[in-house]
Every structure is written in structure tokens, then in C-alpha cells.
1. If I model the stretch 228-367 as equal point scatterers sitting on the Cα atoms and use the Debye formula, what is log10 I(q)/I(0) at q = 0.17 Å⁻¹?
2. Please give the FRET efficiency for I96 paired with N352, using the beta carbon to beta carbon distance and R0 = 56 Å, rounded to the nearest 0.05.
3. How much length would be gained if the chain were fully extended between L67 and E189, taking 0.36 nm per residue of separation minus their Cα-Cα distance, in nm to one decimal?
4. Give the accessible area for I243 in Å² (nearest 10); use a 1.4 Å probe, count only protein heavy atoms, and leave out ligands, DNA and RNA.
5. From largest to smallest, what semi-axes in whole angstrom does the stretch 275-355 give when each is the square root of 5 times an eigenvalue of its alpha carbon gyration tensor?
Amino acid sequence: MAVRTQLPAPPAWMRWLPALFVAALLLIEPFTPVDWPVSFALITVPLLAAFTQGPLGVAAVTVFAVLFEGVLAGTPCCAGRSVGYLWERHYVASYICTILVGAIGTVLAAHRTRRERTLADVRFVAEIAQRVLLRPVPHRIGNLLLESLYLSAAAEARIGGDLYEAVPTSYGVRLLIGDVRGKGLLAVETAATLLGAFREAAHDEPDLPSLADRVEVSMGRRAMLLGGGEVGERFVTAVFAEIPTEGHLVRIVNCGHPPPLLIRSDEVRELDRGRSAPPLNLGVLVGAPYNVDVYDFRPGDQLLLYTDGITETRDPHGTFYPLLERLRSWGPLPPRELLEQLHGDLMAYSHNRLQDDIAALTACLLADQPAEPAPLSDAAGGSVGAP
């Protein structure tokens, strides 16, 4: 069964524009001389309707405009005209012109509706692809609270090259955030390849270097299928993180990506020891190893992974967004509130003009759950309150 997408509704002022135009003519008409009737301006009403109405609606408006022109032409109360003006040659020319303009407006409305339908279908497909490519991360995995954020720089573009994922495994929760070089369908295809490889390999590889290497091999194999110069150009900056189930620590492998941030009640700092590996699909060219950096990750700590679209957001004066400064001024916030605050602040800082796609993933470690207390027992060994 085909799903019919809903067309976007035009603004209210645009829907009411033809009626407001007619009302304005009614107010002006009684004050104009007999030889200068402004009712001729009703010719434009079908074109105004073509911006918001479908073909049938424009045709109906055209019929209304022609009849209303006749009413104004043959109504003495409007400007002292007699019924004889109804078939005066200037008015007949107005009727004919209105019909012709209405026919053109009907064709334009049909074309506009078809284009809007096509755009709505494309956006619907993009939204489905977005859900498949960047499916929502679980809000909680074990003792971790997780939230994600994705913003597209273009209002019509629902998918792009920024990506994130969180996968619970036997080694702990493994996180990924990445940024594909380039834009368009090629970037989306690369992101899909990387995410598919990560989701599969995260369960199998025993450590992060092996996981990053396997993802890079998958990307290289996929890029080789393209041939030509694309092999060296399809690279991704990425951060792999692992938060073990046991032990208050986080392991990080950085592949040319902005360093993660550790947010605590008393500090916000970058997790960067200057040992970043090259971006994925470029490591094979230089043979650099993947270095694992280990940091303390205590209950209440929060890890923020993000793409460079955040730090490269600019205000109208061209100043980059001060992420660290903003986070320190807000203080510790729960994951959802943190990303909501970040979202609103980015839009306000850029005056709703993002220059690049934005993705962020945050994980907050909850306090360890205490074990259930054993029931109190009496001297006979039975539980208190037992019958």
C-alpha cells in the first residue's frame, strides 16, 4: 500500500491574500470615477490563488472573479454605473483576460502542486533513510544515560555525512561519532558503510584498535569499488569510545576528530593527549597505529562527543562558537537538558544560519546501583513478617 505524503501548508497570510485583495478593491471601488473602475484588477486574483490553491481551486476562483467583475460593472450603487456597463467592451475584455489568466494560473497551480508533491516525497524518503542510518540511540544502557543530537545545515536536507552510534556489547558500551568528508549522496553512502561496519564489529573485536582497524578495512574495501580518485578522498574523522561495564574508566581512540569533552561538576576539559591517528581510510597511506587513551570516568561524569560543525559555527561577525566556555558557564546538566541547551544556543549564536551539519552524542555515568538488602531474619531463620 503506497503512503501518500502530506503537502506542506502555505502560510496563513498567503492563503488569505486573494480574499484580502478583493476586500481592498471593494473598499476602493465606490470612490473611483465611472471611467476608472479598479475592478479590472480582479484579473490578478487567479494568479494570487495559484500560489496556494490547487488547479480546481484556481478554476473556482477564476469563475468567481469573472462573475464579480460583472456584478461590479452592472451595479449602480458601486460607482453610479448602469446595467448597460455589463457588456461594455472594456468590461468584456476584462472578462476574457481574467479567463485567460485563470487558465494560466490553473496550469501553474498544477505544476506547483506536482513539484511540492515531489519535494514532499523526497523529504519523506530522506526521513526514512535518516531513521535507518541514524536510528535513535537508547536513552539508557545499563548505568549510562545517553542522548543524541543531529542538525542539518540545510532545511531541506534531512541526512548528511555526520554520524553517531551507541552499541551495548560484552565489552561494555561502545560509542562512535564521525564526520564524512564531503556532502551529498556520496557522504551518506560512506556514513552508511561506516555505521554498518561498526554495528557489526563492535560485538566481535576485543579492543578499540581492532575495532577501528576493521571499520577502516570495510571502508577501504567499499571505496575500492568506486575506483578512480575517490579512493583517497572518501575518509572520515571519527572517535571510538568504550565504557566498560566494570570499572570507572573510558577508553578512547581518536582518528583525526575533535577531542571528546569530559564534563564534571567542577570542570570541563578536552580528552586529548596529542596521539590522534589519521582519519579512517587514510591510515593505510601512512601506517600510523591506533593509540588508546584511558581516562577516569566516575559516577556523575558525562562524556560529550561532537562533530566540528559545533565548534565551527559562527556568529554574524565570523567568530567561532566557544563550546568549552559555554559548557563551563552552564554547569553540569543531565544529557537531554545539555543537548537541548546546546541546540538552542547554537541556533541563537548563528542567528538560525548553521554553516555545517551538526551531530553530538553524550553519555552520563549514573551512580552504582546498591545491592538489594537481604531480608531481616528472626532467631529461627525465618524472614521477619513471614507467617
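1. Taken in order of the listed q values, log10 I(q)/I(0) reads -1.01.
2. Given R0 = 56 Å and the Cβ-Cβ separation, E is 0.75.
3. 38.3 nm
4. 10 Å²
5. 28, 21, 10
The values are calculated or read from the model by the stated rules, or taken from the named source; none is laboratory data. Note that the coordinates shown come from a computational prediction; the quantities given were computed from them, not determined experimentally. A quick note on method: Cβ atoms are made from the backbone with ideal geometry, for glycine too, and the neighbour counts reach across all protein chains shown. Ligands, DNA and RNA are excluded from the accessible area calculation, which covers all protein heavy atoms including side chains. Shrake-Rupley method; radii C 1.70, N 1.55, O 1.52, S 1.80 Å.
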